[in-house]
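Reviewing the structure listed below.
The values are calculated or read from the model by the stated rules, or taken from the named source; none is laboratory data. What you see is a predicted model, and the numbers here were worked out from it, not measured in a lab. Here the Cβ positions follow ideal geometry from the backbone for every residue, glycine too, while neighbour counts run over all protein chains shown. Ligands, DNA and RNA are stripped out before the accessible areas are found, and what is left, the full protein with its side chains, is counted by its heavy atoms. Shrake-Rupley method; radii C 1.70, N 1.55, O 1.52, S 1.80 Å.
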Amino acid sequence: MATPIKRIEKDFLLKTLYDEQIPVMYLCDRTEYILRMEKPVKSEVYFKSDRPVAGLKPRKKMDLMFDYKGQVIIFSIEVSAVKDDHITAPTPEYLFKNLDRSYSRISTPEDLKVQFTFQGDRFSLHYPKVQEYESGDIGDWMNKVDPRNLQSLIDQMAAWIRGFASGYKMVIFKEVKPATTEERIVAETGKSLYLPSTLANFPQSDPYPKKRLITEEIFRRYLESTGVDPQYLDSAISRFVKQKFDGGFFSDAWVPVLFQEYVIGYIHVWINQEGKLPFDYNMIDTLYQFAKVLAHSLKINGYFNSGRIKNEPFEGKIMDISASGLLFAYPHSGLSSALLPDSELAVRLVAPRRNIRATAKIVRRYKDNSMGYFGCRFLDMAPEDMRFLFEYLYGKPFTDTDASFVAGSV
């Protein structure tokens, strides 16, 4: 699991990127670009790429990586301006470290075949779908609730909500489709619409490493996508919040219920009476956990069985491979749309003298007009298989130093 870097260390690393001209890697559409920082960091970062990045436009997200003294660092930026090979973006809020290191990637040997199978159950459902979602463990909650008893779970959630909110509403998008502004933006983003006070405005930033909240900028982009003229966006946002206050709402939150990549519904909670404290992040955290347990409960009670996909092996086109992971391509389809970051696949590598079985976790993905591309990291590979794969790919003995490297301790 990546570790967020604290602010002081983050500022130091960003300064070092400029001072030492450390190369930053960007992988897109099967192409590796090398970026170097052009100016000292203030409120924005300025990069110069080794060549223009094909298809790069403002508002596009770039996932970047660099190596500092043997430690791999990753971060994301959202492009604000691009001209030829010059890229400008707001300073990233987070940098992350403690990643699993990767060996050098090589072209796939002609005599190697790779076969994948989804780990766990997969579904094709008629609910709004999001490209990124937060998967998470609900193990601790299994000691508090019985997910097989759906009604009891809902009753517990209602009792908890009554302790801090005036009321709540739970909606599943089965017979109804997203219709209101709140429903549509929650369904499109898979994030929470969170207004701790209707006397203020939307959150300006999102404190969660895996983004959960609809910030003012996200809401602004949504309104613009619906046809609101850019010059009226500020007033449209203010009117939206004011209408809630005029309607008697002091705090308001709409939290999505996510099942895999689907937004199957939402939980709406509000405060419309004096004497209650405004909603805070602890409330959002707990409601997110309830939503996860609720989705799990619906699954084990057979709610999604009609959309279950047969868990059959499939083959992707292997673009490159290393001793710690691989990149493969698969045509756009219902299957490829279910291949999301954090998904885990059972992988079988068939080499001339050995078959290797392991788990591959998707850590990134990107796409072009016809194909999706999926970067995977190997997990749970037996030591003797790791040794064989290393020697098979690189044509040299697997040393103790190599073993430490793949474990992330070098």
field: Matching residues in region 61-73 - criterion: being open to solvent by 50 Å² or more (accessible area, probe 1.4 Å) and modelled with pLDDT under 85
entry: ASP63, MET65, ASP67, LYS69, GLN71
field: region 146-164 residues that are assigned to a helix (DSSP H, G or I), paired with ones that are among the small types (Gly, Ala, Ser) and surrounded by 15 or more Cβ atoms within 10 Å (Cβ to Cβ) (beta carbon under 6 Å, 6 or more apart)
entry: LEU150/SER297; LEU153/SER297
query: In this structure, does LYS210 turn out to be among the charged types (D, E, K, R) and in contact (Cβ under 8 Å) with a residue 60 or more places away in the chain?
result: yes
query: Can PRO109 be described as over 20 Å from PHE328 (Cα atoms), at pLDDT 80 or above and of a type outside the set (D, E, K, R)?
result: no
query: What are the pairs, 6+ residues apart or on separate chains, where a residue within region 254-275 that is under 12 Å from TYR194 (Cα atoms) has its Cβ under 6 Å from a residue that is charged (D, E, K, R) and open to solvent by less than 10 Å² (accessible area, probe 1.4 Å)?
result: TRP270/ASP252
- line: Of those in region 353-364 that are touching a helix residue (DSSP H, G or I) at 6+ places or on another chain (Cβ under 9 Å) and buried (at least 16 other Cβ atoms within 10 Å of the Cβ), the residue nearest to ALA54 (Cα to Cα) is ALA358
message: Among the listed residues LYS367, LYS396, LYS361, identify the single one that is of a type in the set (D, E, K, R) and modelled with pLDDT of 90 or more.
response: LYS361
- request: Working only within region 176-207, note down all residues that are in a loop (DSSP other than H, G, I, E, B) and farther than 16 Å from ARG221 by Cβ.
  value: VAL176, LYS177, PRO178, ALA179, THR180, PRO196, SER197, THR198, LEU199, ALA200, PRO207
statement: The residue from ASP285, ASP385 that alone is free of Cβ contacts under 8 Å to residues at least 12 places away in the same chain, outside any strand (DSSP E or B) and either of a type outside the set (S, T, N, Q) or in contact with a Lys or Arg (Cβ under 8 Å, 6 or more places away or on another chain) (or both) is ASP285
task: Hey, can you tell me all the residues within region 297-352 that are assigned to a helix (DSSP H, G or I) and either in contact with a helix residue (DSSP H, G or I) (Cβ under 6 Å, 6 or more places away or on another chain) or of a type outside the set (Gly, Ala, Ser) (or both)?
output: SER297, LEU298, LYS299, ILE300, ASN305, LEU335
query: TYR46 versus (1) open to solvent by 70 Å² or more (accessible area, probe 1.4 Å); (2) in contact with a strand residue (DSSP E or B) (Cβ under 7 Å, 6 or more places away or on another chain): which is the lone unmet condition?
result: (1)
field: Scan of region 251-272 for residues that are of a type in the set (Phe, Trp, Tyr), open to solvent by 10 Å² or more (accessible area, probe 1.4 Å) and modelled with pLDDT under 95, ordered by number
entry: PHE259
query: Can you spot a residue in region 183-191 that is modelled with pLDDT of 95 or more and surrounded by fewer than 17 Cβ atoms within 10 Å (Cβ to Cβ)?
result: yes
statement: All-but-one check, PRO278 against (1) assigned to a helix (DSSP H, G or I); (2) over 19 Å from SER124 (Cβ atoms), failing number (1)
- prompt: Being crowded, with 17+ Cβ neighbours inside 10 Å, within 21 Å of LYS129 (Cβ to Cβ) and at pLDDT 90 or above, is that true of even one residue in region 273-287?
  reply: no
query: Among the residues of region 327-336, is any closer than 22 Å to LYS211 by Cβ and open to solvent by 10 Å² or more (accessible area, probe 1.4 Å)?
result: no
- prompt: Just checking, how many residues over region 133-145 are at pLDDT 60 or above and open to solvent by less than 60 Å² (accessible area, probe 1.4 Å)?
  reply: 5
